[in-house]
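**Q** Below: one structure in structure tokens.
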Amino acid sequence: MIHLYPQHRIRSVEVLDGVWTYLFPASGNRLAADVRADDPGVEALRLPVPGVWEAHPKRVEYRGEAVAVRTVDREVGGPVRLVFAGVSHTCRVFWDGEEIAAHHNAFTGFDALVLDTPAGRHELRVHITNEHGDLSALHIPNDYYNYGGISRPVRLERIEAGVFLEWLHLSPGTGGDPRRVECVATVRNVSPRPFAGAVGFGAPGAEERAVVEFRAPSGGRARVSAELYLPGAPLWSPGDPSLFCVSAELSDRENRVFDDRIERTGLRTVSVADRKILLNGEPIRLAGFNRHEDHPDFGCAIPLPMMLRDIELMRAMGANAVRTSHYPNDSRFLDLCDEFGLLVFEENHARGLRDQLFEHPRLREQCLACNEEMVTQHFNHPSIIMWGILNECMSDSEYGREVYAGQFDQIRALDPSRPLTYATFRMREDLCQDLPDICSWNQYPNWYIHMKPNEGLAIIFKHQDPRGLADRPLMVSEFGAGAIPGFRDPIRKGKWSEERQCELLEELLADYTANPRVEGLFVWQFCDVRVDESWAMKRPRTMNNKGIVDEYRRPKLAFEVVRRYFEQWLSEDARGHRR
Ligand code: ADA
């Protein structure tokens, strides 16, 4: 989507981030898309993009509709493409009053085309809602907060001649050699005429450039592919996260290059075999955190320096992995994971949907859209080593199995290169663990259930092994305990005290790291996060307090416990002591 590295040398790109005007109803929560700031009953506020309105003291709790407006000055006319990396959570986009796009889901991006627009001043408005209700099967009152606003960056691109490079997907590992990279460009033709031209693919260090001719019908797309070979290029790994860029250039019949796209990736392969997750053919353990995009001052629109700080804090605790619970993350965060060598379990957007929520008439369609956007938009991140779906949904029913199987089929068709997984806590009842490549279990021993961590693992093995799953890699995708920051109780160690959290994590990590079948560990969770008001009675402070750092990223006592275990566990892995 929108990255930290330059994506174009030829296509002109304008940054539309900054301060926009947001219009709200002064009372109630409905607002017409064409509302004006001076209409009666309208409140206008100036808000940052990227940002969420809950960050403004006047709209901390607002759930409803708003319109975000700004002007855009164009020196030249012609077709333009607007790229939104994320609007939370459902929106319609208008250019000079005309609707040009509609999108659902806060956590994936979309584009909007204006096929012809004259030079001069234009108005861009986005009608946004963060409401709960029938509109969305995925954004429900939940154990995290659904914010409102343009929460990720926005760009305006000039697409000359109405023909442009829409995607460039890079797959290292053709024929098992990570230095052979399959490059697939998608060219989109929105002009009124068929187009014939060529795409040139190149990369520093590649043996040679590849130039491939193609034709794209008017209103259609062409898939253009080539292989680049990068002999001698370093492989990507957490210890050496070497990255490189591939550029694709689009030219017409007269060899005039008029559009381009640059994508970055790392050379690595991921696979699973004999209970292990393999990176470049070598077994690797994952020690990491579940992380929500959440901060009291910014909501889900985490600023770049804070993203980097989160990565540094996780690394300071010895982690080499992160799970994007429970939705696709901002591409800029994934760029940082690529650069810092943090391995990512990226998840689609769905948490704890059961019964009527799971049977919501829009669930299937909204999940399929989210999966497709997640995979196509994040395809090139080497840090993403697995895709996950449907956290703690109905994997214990026949209907659920059909839904899980359908989504796995969809993702495998879009990206056969990465293993798949999903997280469940139904230790005895789960019916779907044979469908993915990696089995992921969420467990809260001695927090929600009275049992020792090892007893929980034993139940899982007893469930999995007779089903022919004894050879699958196994991860504990969630485990943890709550602590209200600053609640110290060293003698009694009452529940919610930092001492109790330490004690429980010590017990959990001791058992899990000693078990030779555990290949991945993800603490729930990195930081404390805001939850929906309806969860308040189970969540003191209306926060999920299981963070190892609090919502402002101040470490709790458990920071040291996690660091000690993670460092030890991963160092044993590097020395191969336990294999
Ligand atoms: C679940 C869920 C998380 C969180 C956690 C908890 O396993 O997947 O989103 O709600 O429990 O804190 O209880």
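**Q** Give the residue that is surrounded by the fewest Cβ atoms within 10 Å (Cβ to Cβ), with candidates limited to residues of the stretch 404-455 that are within 15 Å of the ligand (Cβ to nearest atom), of a type in the set (S, T, N, Q) and under 17 Å from residue 346 (Cα atoms).
**A** 442
**Q** When you scan the stretch 485-506, do you find a residue that is surrounded by 21 or more Cβ atoms within 10 Å (Cβ to Cβ) and within 29 Å of residue 269 (Cα to Cα), even just one?
**A** No, the stretch 485-506 has no match at all.
**Q** Select from the stretch 326-369 the residues that are in contact with a strand residue (DSSP E or B) (Cβ under 6 Å, 6 or more places away or on another chain) and among the aromatic types (Phe, Trp, Tyr) and list them in ascending order.
**A** Selection gives 345 alone.
**Q** Filtering the stretch 526-564 down to residues that are in a helix (DSSP H, G or I), within 22 Å of residue 499 (Cβ to Cβ) and in contact with a strand residue (DSSP E or B) (Cβ under 8 Å, 6 or more places away or on another chain), which residue is nearest to the ligand (Cβ to nearest atom)? Show your work before the answer.
**A** Just the residues of the stretch 526-564 that are in a helix (DSSP H, G or I), to begin with: 533-538, 540-542, 558-564.
Still in the list and also within 22 Å of residue 499 (Cβ to Cβ): 538, 540-541, 558-564.
Now narrow it down to the ones that are in contact with a strand residue (DSSP E or B) (Cβ under 8 Å, 6 or more places away or on another chain): 540, 558-559, 562.
Details: 540: 12, 558: 15, 559: 18, 562: 16 Å.
Among residues in the stretch 526-564 that are in a helix (DSSP H, G or I), within 22 Å of residue 499 (Cβ to Cβ) and in contact with a strand residue (DSSP E or B) (Cβ under 8 Å, 6 or more places away or on another chain), the one nearest to the ligand (Cβ to nearest atom) is 540.
**Q** OK, next. Among the residues in the stretch 1-20, are any at pLDDT below 95 and closer than 30 Å to residue 261 by Cα? Lay out the reasoning, then the answer.
**A** Filtering the stretch 1-20 down to residues at pLDDT below 95 leaves 1.
From the residues that got through so far, the ones that are closer than 30 Å to residue 261 by Cα too are 1.
Within the stretch 1-20 (the criterion being at pLDDT below 95 and closer than 30 Å to residue 261 by Cα), the answer is yes, since at least one residue qualifies.
**Q** To continue, here is another question. Of everything in the stretch 390-414, what is closer than 20 Å to residue 478 by Cβ and part of a loop (DSSP other than H, G, I, E, B)? Give them in sequence order.
**A** 390, 392, 393, 394, 395, 396
**Q** Here is a follow-up. Quick check, is residue 439 at negative phi, assigned to a strand (DSSP E or B) and not aromatic (Phe, Trp, Tyr)? Don't jump to the end; show me each part of the working.
**A** Working: at negative phi: yes; assigned to a strand (DSSP E or B): yes; not aromatic (Phe, Trp, Tyr): yes.
Answer is yes for this residue.
**Q** Let me ask something additional. What is the one condition in (1) under 18 Å from residue 14 (Cβ atoms); (2) without any contact (Cβ under 8 Å) to a residue 60 or more places away in the chain; (3) surrounded by fewer than 17 Cβ atoms within 10 Å (Cβ to Cβ) that residue 93 does not satisfy?
**A** Status for residue 93: all satisfied but (3).
One line per residue, one yes/no per condition, for (1) within 17 Å of residue 422 (Cα to Cα); (2) in contact with a His (Cβ under 8 Å, 6 or more places away or on another chain); (3) outside any helix (DSSP H, G or I):
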position	(1), (2), (3)
302	no, yes, yes
306	no, yes, no
315	no, no, no
322	yes, no, yes
327	yes, yes, yes
333	no, no, no
344	yes, yes, yes
372	yes, no, no
388	yes, no, yes
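**Q** Going through 136, 218, 171 one at a time, which residue ends up being crowded, with 19+ Cβ neighbours inside 10 Å and either more than 30 Å from residue 266 (Cα to Cα) or acidic (Asp, Glu) (or both)?
**A** On the way: 218 fails: crowded, with 19+ Cβ neighbours inside 10 Å; 171 fails: either more than 30 Å from residue 266 (Cα to Cα) or acidic (Asp, Glu) (or both).
Of the residues listed, the single one that is crowded, with 19+ Cβ neighbours inside 10 Å and either more than 30 Å from residue 266 (Cα to Cα) or acidic (Asp, Glu) (or both) is 136.
**Q** When only residues in the stretch 370-399 that are touching a strand residue (DSSP E or B) at 6+ places or on another chain (Cβ under 9 Å) and within 16 Å of the ligand (Cβ to nearest atom) count, which is farthest from residue 327 (Cα to Cα)?
**A** Going through the qualifying residues, I end up with 396.
**Q** Another one. Anything in the stretch 141-170 that is more than 30 Å from residue 536 (Cα to Cα), out of contact with any helix residue (DSSP H, G or I) (no Cβ under 8 Å at 6 or more places or on another chain) and among the hydrophobic types (A, V, I, L, M, F, W, C)? List them, or say none. Please lay out each step first, then the result.
**A** Step one: filter the stretch 141-170 for residues more than 30 Å from residue 536 (Cα to Cα), giving 153-170.
This time we only want the ones that are out of contact with any helix residue (DSSP H, G or I) (no Cβ under 8 Å at 6 or more places or on another chain), so: 154-166, 168, 170.
Hits for the stretch 141-170 are 154, 156, 159, 161, 163, 164, 165, 168, 170.
**Q** On to the next question. Given the conditions (1) modelled with pLDDT of 95 or more; (2) assigned to a helix (DSSP H, G or I), and given that residue 197 satisfies all but one, which numbered condition is not satisfied?
**A** (2)
**Q** Something else: For the stretch 245-266, enumerate the residues that are among the hydrophobic types (A, V, I, L, M, F, W, C) and surrounded by fewer than 21 Cβ atoms within 10 Å (Cβ to Cβ).
**A** First pass over the stretch 245-266, keeping only residues among the hydrophobic types (A, V, I, L, M, F, W, C): 245-246, 248, 250, 257-258, 262.
Answer for the stretch 245-266, where residues must be among the hydrophobic types (A, V, I, L, M, F, W, C) and surrounded by fewer than 21 Cβ atoms within 10 Å (Cβ to Cβ): 245, 257, 258, 262.
**Q** Return a yes/no flag: does the stretch 25-43 have any residue that is outside any loop (DSSP other than H, G, I, E, B) and under 25 Å from residue 324 (Cβ atoms). Spell out how you get there, then give the answer.
**A** The initial filter retains those residues of the stretch 25-43 that are outside any loop (DSSP other than H, G, I, E, B), namely 25, 42-43.
Applying the additional criterion that residues be under 25 Å from residue 324 (Cβ atoms) yields none.
No, that holds for no residue.
**Q** Just checking, which of 232, 176 is within 31 Å of the chain's Cα centre (by Cα) and among the small types (Gly, Ala, Ser)? Spell out how you get there, then give the answer.
**A** On the way: 232 fails: within 31 Å of the chain's Cα centre (by Cα).
Answer to the check: 176.
**Q** Please state which of the following conditions residue 417 fails to meet, knowing it meets all the rest: (1) part of a loop (DSSP other than H, G, I, E, B); (2) among the polar types (S, T, N, Q); (3) touching a helix residue (DSSP H, G or I) at 6+ places or on another chain (Cβ under 9 Å).
**A** Residue 417 satisfies all of (1) part of a loop (DSSP other than H, G, I, E, B); (2) among the polar types (S, T, N, Q); (3) touching a helix residue (DSSP H, G or I) at 6+ places or on another chain (Cβ under 9 Å) except (3).
**Q** So residue 376 ticks every box in (1) part of a helix (DSSP H, G or I); (2) in contact with a Lys or Arg (Cβ under 7 Å, 6 or more places away or on another chain) but one. Which box is left unticked?
**A** Of everything listed in (1) part of a helix (DSSP H, G or I); (2) in contact with a Lys or Arg (Cβ under 7 Å, 6 or more places away or on another chain), residue 376 misses just condition (2).
**Q** Turning to a different aspect of this structure: Of the residues that make up the stretch 171-178, is at least one modelled with pLDDT of 95 or more, out of contact with any helix residue (DSSP H, G or I) (no Cβ under 8 Å at 6 or more places or on another chain) and either under 14 Å from residue 217 (Cα atoms) or aromatic (Phe, Trp, Tyr) (or both)?
**A** no
**Q** Give 402, 398, 429, 372 a once-over and let me know the one that is more than 29 Å from residue 512 (Cβ to Cβ), more than 19 Å from the chain's Cα centre (by Cα) and in contact (Cβ under 8 Å) with a residue 12 or more places away in the chain. I'd like the intermediate steps shown before the answer.
**A** Working: 402 fails: in contact (Cβ under 8 Å) with a residue 12 or more places away in the chain; 429 fails: more than 29 Å from residue 512 (Cβ to Cβ); 372 fails: more than 19 Å from the chain's Cα centre (by Cα).
So the residue among 402, 398, 429, 372 that is more than 29 Å from residue 512 (Cβ to Cβ), more than 19 Å from the chain's Cα centre (by Cα) and in contact (Cβ under 8 Å) with a residue 12 or more places away in the chain is 398.
**Q** May I ask you to list pairs of residues, at least six apart or on different chains, whose Cβ atoms are under 9 Å apart, with the first in the stretch 184-202 being in contact (Cβ under 8 Å) with a residue 40 or more places away in the chain and within 17 Å of residue 9 (Cα to Cα) and the second being hydroxyl-bearing (Ser, Thr, Tyr) and buried (at least 20 other Cβ atoms within 10 Å of the Cβ)?
**A** Listed pairs, sorted by first residue: 200/247; 201/247; 202/247.
**Q** Can you name the condition, by its number, that residue 518 falls short on among (1) among the aliphatic types (A, V, I, L, M); (2) out of contact with any Asp or Glu (no Cβ under 7 Å at 6 or more places or on another chain); (3) more than 16 Å from the ligand (Cβ to nearest atom); (4) free of Cβ contacts under 8 Å to residues at least 60 places away in the same chain?
**A** Single failed check for residue 518: (4).
**Q** Looking at residue 344, is it within 18 Å of residue 527 (Cα to Cα), within 16 Å of the ligand (Cβ to nearest atom) and not aromatic (Phe, Trp, Tyr)?
**A** Numbers: within 18 Å of residue 527 (Cα to Cα): yes; within 16 Å of the ligand (Cβ to nearest atom): no; not aromatic (Phe, Trp, Tyr): yes.
No: the conditions fail for residue 344.
The values are calculated or read from the model by the stated rules, or taken from the named source; none is laboratory data. Nothing here was measured: the structure is a model prediction, and the numbers come from that model. Neighbour counts run over all protein chains shown; Cβ positions are idealised from the backbone, glycine included.
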